[in-house]
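Reading through the structure tokens given below for one structure.
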Ligand code: HEM
């Protein structure tokens, strides 16, 4: 029980810090995404900048919303206080995921790194959508534990942007790879990481339940 609280506390700190970082960076420090866009050279399609930026603003807003609503719904305290709130907040999460996926679908063809990166983002989109809808179907069938496990899998994808940028920095700044290659590795590395980490968490939960 105590361990669960510590894990939830760490998750809360990381999520809140990342939401604040994403909001400040994308709406205040670099609203034109100048730094990020400077890496987009030799795009096959012409990018309509005002449209891309507006889509990106919507994308970031709902990505933060998904991160916050998902976090709140993992809290036992909120769940015990009101199931109705959990349900409404759950729909806020699902709608946010849909909007992140939709906006991501618009941005994917212009992804840094070209076609391979675009394909990676499309895989991410379909995987996240499938996992999130499965979590919803499970609770409609009143399967609580399965719902919880699928939500752990779904919530991991809220860390996509953080994971892509961490892996990109590791390869670019750490190992000296060119930025674009590092970014593509970031996308595929994130898909692998965000699928594996929840499985480890789910298995650890299961073992703890059996042993204690
Ligand atoms: C909390 C989660 C997320 C946040 C805060 C977020 C934020 C951002 C931001 C700020 C950008 C602009 C470029 C950058 O600075 O990285 C971006 C681009 C993008 N995001 Fe997300 N995002 C999140 C999750 C996702 C997810 C789950 C997907 C896919 C399922 C996705 C797909 C994309 C795509 C396709 C782009 C364009 C990439 C490019 O042009 O190279 N994002 N995101």
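If R0 is taken as 22 Å, the Cβ-Cβ distance between residue 115 and residue 38 corresponds to a FRET efficiency of 0.60.
Short to long, the 10 Å bins of the Cα pair-distance histogram for the stretch 12-65 hold 21, 49, 24, 6, 0 percent of all pairs. Applying D = kT/(6 pi eta Rh) to the stretch 85-163, where Rh is the Kirkwood radius over alpha-carbon pairs, T corresponds to 37 °C and eta to 0.692 mPa s, the Stokes-Einstein value obtained is 247 µm²/s.
Label point of residue 53 set 7 angstrom out along Cα-Cβ; within the stretch 95-132, no amide nitrogen lies under 15 Å from it. Under a crude label model (7 Å from the Cα following the beta-carbon direction), how far is residue 16 from residue 140 in nanometres? The modelled label-to-label distance comes out at 3.5 nm.
The per residue volume of the convex hull around the alpha-carbon atoms of the stretch 92-131 is 48 Å³.
Using all C-alpha to C-alpha distances in the stretch 1-121, build P(r) with 10 Å bins and read off the rounded percent in each one. The distribution over the stretch 1-121 is 12, 34, 31, 17, 6, 0, given as percents. Please give the residues of the stretch 105-137, grouped as numeric ranges, whose backbone N is less than 17 Å from a label point set 7 Å along the Cα-to-Cβ vector of residue 30. 111-113, by backbone N distance to the label point.
How big is the Rg/Rh ratio for the stretch 125-188, C-alpha atoms only, Rh by Kirkwood, two decimals? Reported Rg/Rh (Cα atoms, Kirkwood Rh): 1.22.
Placing a label point 7 Å from the Cα of residue 46 along the Cα-to-Cβ line, the residues of the stretch 105-133 whose backbone N sits under 17 Å from it are 110. Taking the C-alpha atoms only, the angle from helix 83-107 to the longest principal axis of the chain is near 20 degrees.
Between the stretch 36-92 and the stretch 1-34, the alpha-carbon centres lie 12 Å apart. Gyration tensor analysis over the Cα atoms of the stretch 81-212 returns equivalent ellipsoid semi-axes of 31, 19, 11 Å (largest first, whole Å).
Readers should treat all values here as calculations from the given coordinates under stated rules, not as data from a laboratory. Please read these numbers as outputs of a predicted model, since none were measured by experiment. Here Cβ is always computed from backbone atoms with ideal geometry, including for glycine, and neighbour counts include all displayed protein chains.
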